[in-house]
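**Q** Structure provided below as structure tokens; questions to follow.
The values are calculated or read from the model by the stated rules, or taken from the named source; none is laboratory data. Since the model is a prediction, treat every value here as computed from it, not as a measurement. In this analysis, Cβ positions are derived from the backbone assuming ideal geometry, glycine residues included, and neighbour counts consider all displayed protein chains. What goes into the accessible areas is simple: the full protein's heavy atoms, side chains included, and nothing from ligands, DNA or RNA. Shrake-Rupley method; radii C 1.70, N 1.55, O 1.52, S 1.80 Å.
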Amino acid sequence: MLSISAVTLLALAVMFFGGIFYYYNYEWLVPVSIQGEESDWVFTDFVALAIFVAISLVAAGIVGWRLARRILRPLETVAKALRSITTGDFSARAEVVQNGFGEAETLISDFNAMAWRLETAESELRFSNSAIAHELRTPLTILRGRLQGMADGVFPPTKELYGNLIAHVDGLTHLVEDLRTLGLASAGHLDLELEMADLASEVEAIAGAMEPEMAAADIRLERDLQSVPCKIDRNRVRQALLAVLDNARRYAPHSTVRMETFVSGSAGIIRCSDSGPGVPPGSHEKMFERFWRADESRSRKSGGSGMGLAIVRAVLRAHGGDAVARSTPSGGLVIEVSLPLAPVPGMVSG
């Protein structure tokens, strides 16, 4: 609007000052023989007016053309990048235009941010599709082999064999449910049934349920639980806690796992630390990616799908919290989840 106003004012200024110049220099510009009365317009007056209008239009046209170029250049760079993206090149970015308008710079910045997210999503989709196929191939191959063997009479239909097949089906069901949870979280449609609860009670319930499995892995489970009231979906939070403890059980056997709950600022914190081998440096953020494994062979042997911690972060972020990981001074692993505090009198926990 400022630029358009400037063009209009320029045209008016040329006509105004041109008219003043013509008026004060009338006798010099117009021969006496063709001068008329003061109230009369002669041919020379119309010629002068036409000249001033033409100069105004030319000046406004030149300035307007330059302004239009400043507006169109950013749009051209965005259009060029957009055409590349439509052909499948998600790495295309709009070039930053020098001396552009603030709105144009914002447009390019927002477009490039959108292109980066599209590239990331497309890369994650390719990787997820490949990883999902890889995860499903092994149990499906085993199931088909066992069923074919039973059909051919190679394997007798024993109770143990049926139990083994059911375990593989349960594993596939769990994998599908994990994928569904992550899909809902990515789309922002992970429904939560919020209610007041005490994080200490939730941790105690999950730790108690996991104690036999932790003991079987030679893990000593310690607790330091303080009352932390939060408004949460208890089933989802317990699902996340179960994934955190299961991660410690799989990858930190023969260690000590310590569960803590406490308040930090406006957040309730659940901290799980272990004295296990930890993860390689620089891998703490990658731990929350889908299907990521620090040690592929060890993860396969332990039966992990690589989605446990991804679900932990998805559930926590759906609550408005987050999950982070870091190393302990001794080289172990700390996973810390945070949830917004919501203290309410008369809170019921369990």
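**Q** Return the distance in nm (one decimal) between the two label points of a simple spin-label model at A50 and Q98, each offset 7 Å from Cα along Cα→Cβ.
**A** 4.3 nm
**Q** D for region 213-288, whole µm²/s, Stokes-Einstein with Kirkwood Rh over alpha-carbon pairs at 25 °C and 0.890 mPa s: what number?
**A** Answer from the Stokes-Einstein relation: 179 µm²/s.
**Q** Sort 272-281, 68-77 for me by packing, meaning the mean count of neighbouring Cβ atoms within 10 Å per residue, highest on top.
**A** Averaged packing, sorted descending, gives the order 272-281, 68-77.
**Q** What does the charge add up to near A185, with Lys and Arg as +1, Asp and Glu as -1, over the other residues with Cβ less than 9 Å from its Cβ?
**A** Numbers: positive: R313, R317; negative: none.
Surrounding charge for A185 is +2.
**Q** A further question follows. With Cβ to Cβ distances under 14 Å as the rule, what net charge do the other residues near G320 carry (K, R +1; D, E -1)?
**A** Counting the neighbours of G320, the net charge comes to +2.
**Q** Near the amide H of G332, under 5 Å away, which other amide H atoms are found, from residues 5 or more places off or on another chain, if H is placed in the peptide plane?
**A** Amide H neighbours of G332, under 5 Å, 5+ apart: none.
**Q** Calculate, for I62 and S109, the FRET efficiency according to 1/(1 + (r/R0)^6) with r their C-beta to C-beta distance and R0 35 Å; round to the nearest 0.05.
**A** 0.70
**Q** To the nearest 20 debye, what charge dipole does region 128-282 have about its Cα centre, counting +1 at the Cβ of each Lys and Arg and -1 at the Cβ of each Asp and Glu?
**A** My answer is approximately 380 debye.
**Q** Based on the Cβ-Cβ distance from S264 to R180, what FRET efficiency comes out when R0 is 35 Å, to the nearest 0.05?
**A** So the FRET efficiency works out to roughly 0.65.
**Q** Relative to the present Cα-Cα distance, how much length would full extension add between N129 and A209 at 0.36 nm per residue of separation? Intermediate results must be reported in sequence, preceding the final value.
**A** On the way: separation 80, 0.36 × 80 = 28.80 nm, distance 3.35 nm.
Contour length minus the Cα-Cα distance gives 25.4 nm.
**Q** Now, a different point. Can you compute 3J(HN,Hα) from phi for each residue in region 190-207, using the Karplus curve 6.51 cos²θ - 1.76 cosθ + 1.60 with θ = phi - 60°, rounded to whole Hz and x for Gly and Pro?
**A** Calculated HN-Hα couplings, in order: 7, 5, 10, 9, 7, 8, 6, 7, 9, 4, 4, 5, 5, 5, 4, 5, 5, 4 Hz.
**Q** Jot down the per residue volume, in cubic angstrom and as a whole number, of the convex hull over the alpha-carbon atoms of region 126-264.
**A** So the per-residue Cα hull volume is 166 Å³.
**Q** In region 92-222, what percent of the accessible surface is made up of carbon and sulfur (1.4 Å probe, ligands and nucleic acids excluded)?
**A** Ligands and nucleic acids excluded, carbon and sulfur reach 58 percent.
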